[in-house]
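Peer 1: To start, I am sharing the structure in question, which I have written as structure tokens.
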Amino acid sequence: NAPTILPDVGAVATGVVACYMFWLYWKTPSWEQMLACGVGLGFALLSKLTWLSAILSLPATLCLCLLLFPESRSKRSVAMTARHVFCILVLALAVVHVGYLFEESVVHLRQYEFVSQVLGGTEATMANPGNRFKEGWLGMLPIPVPKHFILGIDHLKMGVEQQYWSFLLGEWKFGSWPHYYLMTTLFKTPEPTLLAAALGLGDLIVGTWR
């Protein structure tokens, strides 16, 4: 099990570091902390594609805190936070490019060969990849993300599109349920982690209400 566990440990570690960097930036906003946030987010993106959600969730958290805690605006402005968030995302993208050794860094969308149906078309398969954007104007757009990073997302999407037999709460089904991942997350996550998450959420709600 070690080969499958170690990448997850690395992904969790880099994700925790990225979140910690954002927390430090919130406490003491500065260009130095902004640079640390960008590097931390970039390493998290390199560790696992799951952290793509952090591109939206972490900056959105900063903006939400700015709205919920007006007293914090004495140390920062909305314009400054927006500039820093933009720089964080650009720096994270640069770290991803370095991680891929700048291999095929900017490729036009029409040059991709996708295997998922959402990107490659309804007939796309591993043996017969496609590109639904090849003939349209979108195909002319240069994608400023490493090509193989995008192809990795495409392969994950292909895996999601495949239907398999699933088992949940004593029932078999070909395909899945809308609440499948929510339930399996609750089942597989250790109880101390769930308890800590519940306490953190409660503290956030109480603190915001006060």
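Peer 1: Using a Gaussian network model of the chain with C-alpha springs under 10 Å, which one of ALA44, ALA196, ALA18 is most mobile by mean-square fluctuation?
Peer 2: Of ALA44, ALA196, ALA18, the Gaussian network model singles out ALA196 as fluctuating most.
Peer 1: On to the next question. Kyte-Doolittle mean at least -1.0 and Cα extent at least 15 Å along the axis: which DSSP H helices of the chain qualify?
Peer 2: 2-27, 31-47, 54-68, 78-99, 147-161, 191-209
Peer 1: Another question, if that's okay. If a/c stays under 1.5 just call it rounded; otherwise compare a/b with b/c (prolate if a/b is bigger, oblate if not). Do that for region 28-122, with a ≥ b ≥ c from the square roots of the Cα gyration tensor eigenvalues.
Peer 2: Working: a/c = 2.81, a/b = 1.95, b/c = 1.44.
Prolate is the answer for region 28-122, as a/c is 1.5 or above and a/b outweighs b/c.
Peer 1: Can you work out the accessible area per residue across region 24-176, with the rest of the protein chains kept in place, probe 1.4 Å, in square angstrom? Walk me through the numbers before you get to the answer.
Peer 2: Working: 9270 Å² over 153 residues.
Accessible area per residue, region 24-176: 61 Å².
Peer 1: Are there any trypsin sites (Lys or Arg not before Pro) in region 29-97 that are in a DSSP loop and have at most 12 other Cβ atoms within 10 Å? List them by number.
Peer 2: LYS75
Peer 1: Return the long-range amide H neighbours of GLY121 (sequence gap of 5 or more, or a different chain), with a cut-off of under 5 Å between placed amide H atoms.
Peer 2: Placed amide hydrogens put ARG132 under 5 Å from GLY121.
Peer 1: I've got another one for you. Which whole-number percent gives the relative contact order of region 1-130, counting Cα pairs below 8 Å spaced six or more residues apart?
Peer 2: Answer for region 1-130 is 22 percent.
Peer 1: For ILE143, what residues show an amide H to amide H distance below 5 Å, using hydrogens built from the backbone and excluding near sequence neighbours?
Peer 2: Correct list: VAL107, HIS108, LEU109.
Peer 1: Continuing with the same structure: Give the aspartates and glutamates whose C-alpha is closer than 17 Å to that of LYS48, dropping any in the same chain fewer than 8 places away, or say none.
Peer 2: ASP8, ASP154
Peer 1: Given the -39500 (n - 2.57) contribution per DSSP H run of 4+ residues, what per-residue ellipticity at 222 nm results for the chain, rounded to the nearest 500 deg cm²/dmol?
Peer 2: -20000 deg cm²/dmol
Peer 1: Follow-up. Ignoring ligands, DNA and RNA, what percent of the accessible area of the chain is carbon or sulfur (1.4 Å)? Write out the running numbers ahead of the final one.
Peer 2: On the way: 9720 of 13890 Å².
Percent of accessible area from carbon and sulfur atoms in the chain: 70.
Peer 1: Sort 109-119, 178-188 by the packing proxy (mean of other Cβ within 10 Å over each peptide's residues), most packed first.
Peer 2: Working: 109-119: 18.2, 178-188: 10.2.
Top to bottom by mean Cβ count within 10 Å: 109-119, 178-188.
Peer 1: Relative to the Cα centre, what is the charge dipole magnitude of the chain, using +1 at the beta carbon of each Lys and Arg, -1 at the beta carbon of each Asp and Glu, and rounding to the nearest 20 debye?
Peer 2: Roughly 560 debye for the chain.
Peer 1: Between ALA197 and GLU135, take the C-beta separation as r, use R0 = 45 Å, and let me know the FRET efficiency to the nearest 0.05.
Peer 2: 0.45
Peer 1: Measure off 7 Å from each Cα along the Cα-to-Cβ vector at LEU68 and VAL107, then give the distance between these two points in nanometres to one decimal.
Peer 2: 4.0
The values are calculated or read from the model by the stated rules, or taken from the named source; none is laboratory data. Here the structure is a predicted model, which is why all the values come from computation and not from measurement. Don't worry about glycine lacking a Cβ; one is built from the backbone with ideal geometry, like all the others, and counts go over all protein chains shown. The area values use the complete protein model at the heavy-atom level, side chains included, leaving out ligands, DNA and RNA. Shrake-Rupley method; radii C 1.70, N 1.55, O 1.52, S 1.80 Å.
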